[in-house]
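A.B. asks: Here's a structure for you.
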Amino acid sequence: IRWFQSREESTIPAIPGSKGLLYYVAALRFLRNGFDVVNQGYYQHRNGVFRVPGLFRWEYIANGPQHTAEMAAAPDDSLSFMEALRDILAVDYTNGIETFDNPFHIVTIRRHLTQNIARCFPQVRDELVHAFDDVLALDDKEWKLLHVVPNVMKIVARTSNRLFVGLPLCREQEFLDICVDFAVKSFTRGVIIGFLPYFLRPIFGPLLSTRKSSVRRALKFLGPMINDRLDNEREYGPDWPDKPNDLTSWLLEVAEGEGRTPPGLTLRILLTNQAAIHTTTMTLTAVLYDLTAYPAHILPMREEAERVVAVEGWTKAALGSMHKIDSFIRESQRLRGNGPVSLGRKVVAKDGFLFSDGTRIPYGALLTVAATTHYDPDNFADPDVFDGFRFSRMREQYGPAHEHEDDKNSEASIFNRHMVSTAREHLVFGHGRHACPGRFFAATELKAMLAHILIEYDVRAETEGLRPLDECIGLLRTPSREGRIWVRRRERGSEGL
Ligand code: HEM
């Protein structure tokens, strides 16, 4: 059947060698060498659309700024982000259909979380300082060789949960492990369920999903806290005295019905952790590999962090003045982004999705954008070179002339060079309607952590000049999970190099 489907007529060009019986050979090549296949299509069909053979059907990849802009602006009843997740990661089973019908946790992240970052920054800063101390456990000034991913994961989980559930739960390692485990299992099980034919999903989906057991385990920690807040609300009203200012409270402000029960709320807290922990951990891991592989960046950024903190203290606004640090993380994200394609959407318009150049993508197809745009010499000078200050230089160059510019989409606008700015050639947080709503918090956390590392620690590569190799799993790319770096507590005033 699949082979028959692969013969589907289309005027959209297919990657060479993927027609007829060669379909599956090409599909396996796409799975194993996604970057090569997408790069080939990108340069052959600049500003066009091409097809690659997926295991189950043709997948469509769009190139160029115009196509990206049209996809980013498309309404959900035409190109659906959620339906794509439903198809690929079987979120109906792993996360639950109710989170799909009423994604109030996303509304809370977009609105309340983002609005409260500056106010809650002192807690975030306090937690990250303690988390670095406890997790790295560097008592003296000796160098220690540390695995990056597990340590960063603990620090990120704990710091993020200071804002999600507050003290003391954010320091409860068993609770944090449940959050991490839920995220990993719902992804891996989702991929397995996603490989099943639709008629088998209702049978195997519930068996493979770990949602109920994760909620049950997390309830042991979250249940008493949520019940306590509900009791206070019943007794003293929605603005009860000493109500904590955290994600749990904000979720309760918008939750209704089942969402206001301890299990309903627990699921949303797990889902927020699922979206936050791995993404932020992998970004900071890549940043640390880049920092130690390109150590010439350390001193200018350390000088910037110390200078800004001396004048402004540790505030969210102060982080806004750290242009080099912002630029370094953005550059790391540009080069190490998480895969060959971005903006995964499913075509849900019955007549298909029509680009303004007349290209029509059929109903039910999966459509993405080639992330090759991050490495295109038309977009970035020396695109393969890691240049940590490329974006801060652009801000310096364009900033004064365009500071008062209203058009934030203008290519010259400094707004396009910030770490949180999405752009048609910078898709690490997506772009348009579904651009990551947690990116403002992620950026604050990441910049605060990098500035803290620069001021408090010396770091160097395990082997000088070598960056641990990224790992590719299917179409996903992650920084090495085995990589290690040397770290020591810094003697103030030392250059550490
Ligand atoms: C460096 C860290 C992060 C990266 C790289 C990242 C990346 C992304 C990307 C690529 C998307 C899909 C956008 C699209 O397809 O247009 C996304 C969506 C999302 N992210 Fe993030 N993210 C990060 C951190 C976070 C954090 C900290 C949170 C929550 C506090 C979060 C919550 C979400 C949610 C809820 C969505 C779905 C948005 C929607 O349905 O409209 N993310 N993120």
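The values are calculated or read from the model by the stated rules, or taken from the named source; none is laboratory data. Since the structure is predicted, the reported quantities are computational estimates derived from the model, not experimental observations. Cβ placement follows ideal geometry from the backbone for every residue including glycine, while neighbour counts extend to all protein chains displayed.
A.B. asks: Please enumerate the residues belonging to the range 94-152 that are more than 30 Å from GLU83 (Cβ to Cβ), aliphatic (A, V, I, L, M) and part of a helix (DSSP H, G or I).
C.D. replies: Listed by number, the residues that qualify are ILE117, ALA118, VAL124, LEU128, VAL129, ALA131, VAL135, LEU136, VAL148, VAL149, VAL152.
A.B. asks: Out of the residues in the range 100-130 meeting the condition of being near the ligand (Cβ under 10 Å from one of its atoms) and not hydrophobic (A, V, I, L, M, F, W, C), tell me which one is farthest from MET449 (Cα to Cα).
C.D. replies: Going through the qualifying residues, I end up with PRO103.
A.B. asks: Here is a further query. I'm told SER213 meets every condition in (1) within 16 Å of the ligand (Cβ to nearest atom); (2) of a type in the set (S, T, N, Q); (3) assigned to a helix (DSSP H, G or I) except one. Can you identify the failing condition by its number?
C.D. replies: Condition not satisfied by SER213: (1).
A.B. asks: Quick one: in the range 50-77, of everything that is buried (at least 18 other Cβ atoms within 10 Å of the Cβ) and polar (S, T, N, Q), which residue is nearest to the ligand (Cβ to nearest atom)?
C.D. replies: That would be THR68.
A.B. asks: Which pairs turn up if I take residues in the range 82-109 that are more than 22 Å from SER160 (Cα to Cα) and in contact (Cβ under 8 Å) with a residue 40 or more places away in the chain and look for partners that are within 11 Å of the ligand (Cβ to nearest atom) and hydroxyl-bearing (Ser, Thr, Tyr) with beta carbon separation below 8 Å, at least 6 apart in sequence or on another chain?
C.D. replies: VAL91/THR99
A.B. asks: Let me ask you something else. Which ones in the range 315-331 are farther than 16 Å from GLU425 by Cβ and not aliphatic (A, V, I, L, M)?
C.D. replies: THR315, LYS316, GLY320, SER321, HIS323, LYS324, ASP326, PHE328
A.B. asks: Please go through the range 180-210 and pick out each residue that is in contact with a Leu (Cβ under 6 Å, 6 or more places away or on another chain) and closer than 20 Å to ILE109 by Cα.
C.D. replies: PHE182
A.B. asks: Follow-up question, since we're still on this one. Pick from the range 323-340 the residues that are modelled with pLDDT under 95 and closer than 21 Å to HIS67 by Cα: which of them is farthest from the ligand (Cβ to nearest atom)?
C.D. replies: Going through the qualifying residues, I end up with PRO340.
A.B. asks: I've got another one for you. Take the residues in the range 415-438 that are buried (at least 21 other Cβ atoms within 10 Å of the Cβ) and near the ligand (Cβ under 10 Å from one of its atoms), then tell me which one is farthest from PHE81 (Cα to Cα).
C.D. replies: Here the residue is MET419.
A.B. asks: Further question: Of everything in the range 189-200 that's at pLDDT 90 or above and crowded, with 17+ Cβ neighbours inside 10 Å, which residue is nearest to the chain's Cα centre (by Cα)?
C.D. replies: The qualifying residue nearest to the chain's Cα centre (by Cα) is GLY190.
A.B. asks: Based on what the data block shows, is ARG395 touching a helix residue (DSSP H, G or I) at 6+ places or on another chain (Cβ under 6 Å), surrounded by 17 or more Cβ atoms within 10 Å (Cβ to Cβ) and under 21 Å from LEU31 (Cβ atoms)?
C.D. replies: For ARG395, the condition - touching a helix residue (DSSP H, G or I) at 6+ places or on another chain (Cβ under 6 Å), surrounded by 17 or more Cβ atoms within 10 Å (Cβ to Cβ) and under 21 Å from LEU31 (Cβ atoms) - is not met.
A.B. asks: Given the criteria at pLDDT below 95, aromatic (Phe, Trp, Tyr) and either away from the ligand (no atom under 16 Å from the Cβ) or crowded, with 21+ Cβ neighbours inside 10 Å (or both), does TYR457 qualify?
C.D. replies: Here the answer is no, as TYR457 does not meet what is asked.
A.B. asks: Return the pair list, or none, for Cβ contacts closer than 9 Å from residues in the range 357-372 that are acidic (Asp, Glu) to residues that are surrounded by fewer than 17 Cβ atoms within 10 Å (Cβ to Cβ) and at pLDDT 95 or above, at least 6 apart or on different chains.
C.D. replies: Qualifying pairs under 9 Å: ASP357/GLN66.
A.B. asks: Hey, another quick one. Given the conditions (1) more than 19 Å from the chain's Cα centre (by Cα); (2) crowded, with 20+ Cβ neighbours inside 10 Å; (3) among the small types (Gly, Ala, Ser), and given that SER186 satisfies all but one, which numbered condition is not satisfied?
C.D. replies: Here SER186 clears every test but (1).
A.B. asks: Moving on. When the range 36-49 is examined, which residues are found to be buried (at least 18 other Cβ atoms within 10 Å of the Cβ) and either in a helix (DSSP H, G or I) or more than 26 Å from the chain's Cα centre (by Cα) (or both)?
C.D. replies: VAL37, VAL38, GLY41, TYR42, HIS45, GLY48
A.B. asks: Filter the range 300-347 for residues that are of a type in the set (D, E, K, R), more than 30 Å from ILE361 (Cα to Cα) and either in contact with a Cys (Cβ under 7 Å, 6 or more places away or on another chain) or crowded, with 24+ Cβ neighbours inside 10 Å (or both) and give the result.
C.D. replies: ASP326, GLU331
A.B. asks: Of the numbered conditions (1) outside any strand (DSSP E or B); (2) in contact with a Gly (Cβ under 7 Å, 6 or more places away or on another chain); (3) within 23 Å of LEU335 (Cβ to Cβ); (4) at pLDDT 95 or above, THR68 satisfies every one except a single condition; which is it?
C.D. replies: Of the numbered conditions (1) outside any strand (DSSP E or B); (2) in contact with a Gly (Cβ under 7 Å, 6 or more places away or on another chain); (3) within 23 Å of LEU335 (Cβ to Cβ); (4) at pLDDT 95 or above, the odd one out for THR68 is (2).
A.B. asks: Regarding SER327, is this residue of a type in the set (S, T, N, Q), in a helix (DSSP H, G or I) and farther than 24 Å from CYS472 by Cβ?
C.D. replies: yes
A.B. asks: Could I ask something else about it? Does ASP470 qualify as being in contact with a Lys or Arg (Cβ under 6 Å, 6 or more places away or on another chain), acidic (Asp, Glu) and away from the ligand (no atom under 16 Å from the Cβ)?
C.D. replies: no
A.B. asks: Next question. Among the residues that make up the range 256-264, is at least one of them under 23 Å from GLN173 (Cβ atoms) and assigned to a helix (DSSP H, G or I)?
C.D. replies: yes
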